[in-house]
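To start, the structure itself, in structure tokens.
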Amino acid sequence: MTTFAPIQIGDITAASVIKIFTVVGIVGTAMSFAIVQFSQARFAPTSAEKRVQQAPPFSEAGDRDGALAVDRKAVQLYRHLLRVSPIHYQPALAATLQDMSVRLFEAGDPEGARSAIMEVIKMRRHLAPDNPRNIANLEESLRLLSRFEAASDAANTNTAQSSVR
């Protein structure tokens, strides 16, 4: 049986060269994956932005369900983008969720509206220290929550009064 001596040139062995190629292959695969993810993320904002622009015409036409479906799809797309780049897409997600909270409230889903606006407030509290505009957005979201709660309290009071009669 013939055995071969390990190939060695200076301090470099064949085994170390194989390890280097393995690492380069792994890094290359990871870079390819990252490029694919980035390419997909480049097109998703356009889709999310288009969804956001489609909701008002539905709402203006009185199609609340259509507007909510568009909002939900835009929120889903922005949540995907948030995983790619939170700093870029969190403000857009917050704005879309806030719009959706108003539509949910108008559609008679105060709990859904409250849940959405609470998520917005949490995001905007995180963003507020970085930018004065974010503070104004946070204040707007808090006013909206207050409006939702006041309307819910009024509805609960009317329900309680009508059940007493």
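The figures follow:
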{"item": "Rounded FRET efficiency, nearest 0.05, which uses the C-beta distance separating Asp65 from Ala155 and R0 of 22 Å", "result": "0.55"}
{"item": "Karplus 3J(HN,Hα) series, Hz, for segment 86-96 with 6.51 cos²θ - 1.76 cosθ + 1.60 (x for Gly, Pro)", "result": "x, 4, 7, 10, 5, x, 5, 4, 4, 5, 5"}
{"item": "In sequence order, calculated HN-Hα J values of segment 122-137 (Karplus, 6.51, -1.76, 1.60; Hz; x Gly/Pro)", "result": "4, 5, 6, 5, 5, 7, 3, x, 7, 7, x, 5, 5, 5, 4, 5"}
{"item": "Order of Ser141, Ser146 - criterion: other Cβ atoms within 10 Å of each residue's Cβ, fewest first", "result": "Ser146, Ser141"}
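Every read-out reported here was derived from the displayed coordinates using simple, explicitly stated rules and does not represent laboratory data. Small disclaimer: the values here were computed from a predicted structure and weren't measured. Cβ sites come from the backbone with ideal geometry, for glycine too, and all protein chains shown count toward neighbours.
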